[in-house]
Structure formats: structure tokens, C-alpha cells
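Data block below; observations after.
Coordinate-derived values only; no laboratory data. Quick caveat, the model's predicted, so the values are computed rather than measured. Please note: Cβ atoms are built from the backbone with ideal geometry, for glycine as well, and neighbour counts cover all protein chains shown.
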């Protein structure tokens, strides 16, 4: 396992509060724990493309820790979902940032509709992924390997990609990613810090998350209503 010294969580216009802040808080927890127990320093930052606050999808404003420069590389890059994801899929700076990290062997995580941003960056290929229902149909149409039945999270360590489904899955999916990246000791400790182990049990320490219930009619409805916003058609 490559040593993890830096983690960047991307904040972009109208990213989701929960999709962004929950992973960031859990990853900060890892940094705090390692600093207190081993003295090890891990840099965990909210990063953005421009100076100044980022307005999230429900109106909260966050001040990122750093502006992401073209040649910056984090050992882990995390891409959240949110109502602004559709615009983000057309932002070449975001797509180039993802590609830059991928070709340089860095680990990339994404959740919810943020998985669509990875797809448009062209890094998914046949990597098995999970996501939230609004974009699952379109991802499949574009050739992405969206697993069925849907899972709360899905790690593909050999491809250095970790995907998590929607808001209800983000705590557990991030903890499972932490366990993979930092090992069982840290994973188990964080699962108690964030009260996740009692909900997910042993599944939390593996790359394949709990199977989610399917509601085909409701999923089709939300796809019809939101896919063009969250993952606009290519043509």
C-alpha cells in the first residue's frame, strides 16, 4: 500500500454539503488519530479551483483550505456529488485534475453523482462502481460497469478507485475506504469514533458494501427528472 500523506476533497459550486463534509470530517478524524497516536502528519484539505468561498447545493458556504493548482497531486483525491455535478462534468479543469491524479497512480474516491464526474474524466473504463440512482441508467448507457444489485460502497483497489452510493451510504463508504487505505487498526478505531461499526458490522472492513434495496419505479422517475441536470447527455 502506498503511504498516504495528503488527501484533497474537492469542493465545487453546488456540491452537496453531506457528500463533501462527511468524508472530509472522517478523513480529518484519521489525521487527528494518527497524530495523537503515532505523531504522523497527514494533510487533509478541502480544495477548490478558485479563491474564495464555495456555495454548496443547499446554500451553505465553505472556505476551502487551498486552491488546486494544475500540477498539484494529492495521494488521495475525493470527488463528492451534488446538484452542481452536471456543470462539473463539463469543467475541463476538474476533469484534467482527476486525469492528472489517475495517470500518476493516485487513489481516487467519489460518492453519489460525483461518480459521473469520474466517468466524464474517462478513468472508469470497466472498473465496477456504485452510485446513486439519478445517474445509474445514464452511466450504464455510456458503458460504465455499474453493479447490480446496487451496493453502499464498492472498492476497486487494483484500479485505485473507490465509489460510494448516495447520502445514506457516505459515512459507511468512507469508513470502508479508510480501512482499506490505513489498515484495520485505524479503520476499527474510526468506526467507533463515527459510530459506524454498530450499523454495518463486519462488512465495513471489506471492499464490497451492503446491498441496497431497489425501487425500480421510483428510481426511473428520479432518473427521468434529474439525469439531464446531474449527468447531462454527451450530445
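Divide the volume of the convex hull around the Cα atoms of segment 24-116 by the residue count and you get 112 Å³ per residue.
Report the per residue volume, in Å³, of the convex hull enclosing the C-alpha atoms of segment 65-178.
Values: hull volume 12.1 nm³, N = 114.
Cα convex hull per residue, to the nearest whole number: 106 Å³.
Approximating the spin labels as points 7 Å out from Cα along Cα→Cβ, the residue 147-to-residue 235 distance works out to 3.2 nm.
Mean 1/r over all different Cα pairs, inverted: what Kirkwood radius does segment 165-213 give, in Å? Mind dumping the intermediate values first?
Numbers: mean 1/r = 0.0952 Å⁻¹.
This gives a value of 10.5 Å.
Taking 0.36 nm per residue of sequence separation and removing the Cα-Cα distance, the residue 3/residue 156 pair yields an extension gain of 53.3 nm.
What percent does the relative contact order of segment 52-118 come to when contacts are Cα pairs within less than 8 Å and at least six residues apart? Working shown, then result.
Values: 78 pairs, mean separation 24.3, N = 67.
So the answer I get is 36 percent.
Once both labels are positioned 7 Å from their Cα atoms along Cα-to-Cβ, the gap between residue 184 and residue 87 label points is 4.6 nm.
If you count, for each residue, the other Cβ atoms within 10 Å and average over each peptide, how do 209-222, 88-101 line up from highest to lowest? Before the final figure, lay out each step's value.
Details: 209-222: 12.8, 88-101: 17.8.
Those peptides, ordered most packed to least, come out 88-101, 209-222.
Separation of segment 38-116 and segment 128-177, taken as the distance between their Cα centroids, equals 17 angstrom.
When each of the peptides 126-135, 108-117 is scored by the mean number of other C-beta atoms lying within 10 Å of its residues, the order from highest to lowest reads 108-117, 126-135.
By per-residue mean of other Cβ atoms within 10 Å, what is the highest-first order of 229-235, 29-35? Display every interim value, and only then the final one.
On the way: 229-235: 15.1, 29-35: 17.0.
In descending order of packing, they fall as 29-35, 229-235.
Taking a quarter of the surface of the Cα convex hull of segment 103-143 gives a mean projected area of 2.8 nm².
In segment 6-230, Cα pairs under 8 Å separated by at least six residues give a relative contact order of 19 percent.
I'd like to know how segment 6-230 sits against the 2.2 N^0.38 Å rule of thumb: what's its Cα Rg over that expected value? So the Cα radius of gyration is 0.94 times the expected 2.2 N^0.38 Å. The gain in end-to-end length when the residue 193 to residue 71 segment is fully stretched comes to 40.5 nm, 0.36 nm per residue minus the alpha carbon separation.
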